[in-house]
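Where a number appears in this text, it was derived from the coordinates with a stated rule and is not lab data. It should be emphasised that the depicted structure is a prediction, and the values quoted were computed from it without experimental measurement. We place every Cβ from the backbone using ideal geometry, glycine too, and count neighbours over all the protein chains shown.
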Amino acid sequence: MSRFSKLKIIVLTSIFVVAFVFPVAAGELDEALRKQQELIEQQNRAASKLNNLTSSADTMKKQIQQLTSQISIAEVDLRKKEQAYAEAQQAVATIRKEVNAKQAELNNRQDVLRQRVRTIYEEGQMSYLEVIFQASDLSDFISRVEYMSCLVENDRNILDDIRIQKQELDTKKEELILKMDQAAKLKQQAEEAKVYLDSTKAKKEIALAQNEQNQAALLEQIEKLEKDSKALESKIRDLQKKNAGTNINGSISVWPTPGCKFITSPFGYRTHPITRQHKLHTGVDIGASHGSNIVAAGSGIVIFSGWYGAYGNAVIIDHGNGISSLYGHMSSRSVAVNATVAPGQSIGKVGSTGWSTGPHLHFEIRKNGEPVNPMGYF
């Protein structure tokens, strides 16, 4: 379930004060209106806090999703680093075996060489003379001399080969050990990165849980305010019945924004642009530039002129016969309570006060307190 379908955000104006007929018992009705205004303002404050919380919750949910993705990537990276480290360890172990085998081979070859040198040293030149004097002829003599020279040269080559092989093996071993150390560091860094991401995600999840608890508490508060507002609405309607003797007999006949007829949001159910809750849009939004003229839709008496919660600056006109009209989000008002207005008379200017995403007029008509589609009058 989405957060917006779950949230029961305020009924911004459970009653409009709009279908009220100009009161005979003005004091009691004014007091009821004042209390209703206070409830709306409390609802607005609670809704504002709730919006901040839901916005924060959305941000945290996105962050948790990103962290979950990052953790998955980190886990893959860690497995690669662990594999690379294991392979480096295996390579070092393998080269160490090779080094040990080569070292053993070199030791054997050195032992043979040492033994030959020792024999030459112990027997001296006689060994060479014996080899030479045993020659059967001149050709054999030359061959024996060349053989002895080759033997000595071969001994020198063996010594050089031993040195080169040992240096190569030592260098390779050092390189592999360095690679293993680097692989170990990368593996440790990958482990630390995953631990950090896991810890950060856990903290975000705790914060989100607390946020949702706070949202639930605010929802309870808002629901309580809505119940109080409904009870007060019933009282106001009772007071309205007592005022049925008024002689107002106006009607809706004039479009409220001369020259501006573009409807940006019609009457009916919609997703509210501020609260994101799917609920009834109780009027029509008329697109108009800031400061455009607003006129009375019909003759009547102004029963409200002031700040009206989410509607910002607003004017409400009683037209009699249970019909009233409201003009919301005004930048300025030019009529006061109890003023009698004529159809087409200027009552204020277009603005973007209250809960509004830009300059426009929110225009409502109510019949006996219930919102009706204003377009049915035009």
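A compact table of results
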| quantity | calculated |
| --- | --- |
| For GLU105, net neighbour charge (Lys/Arg +1, Asp/Glu -1) across residues whose Cβ lies under 12 Å away | 0 |
| Region 247-378: translational diffusion in µm²/s, Stokes-Einstein, Kirkwood Rh over Cα pairs, 25 °C, 0.890 mPa s | 171 |
| Cα lying deepest toward the dipole's positive end in region 247-378, options PHE378, GLY312, VAL302, charges on Cβ | GLY312 |
| Cβ-Cβ FRET estimate between GLN345 and GLU31, R0 fixed at 45 Å, reported to 0.05 | 0.95 |
| Charge tally in the Cβ shell below 14 Å around GLU192, where Lys, Arg are +1 and Asp, Glu are -1, GLU192 excluded | -1 |
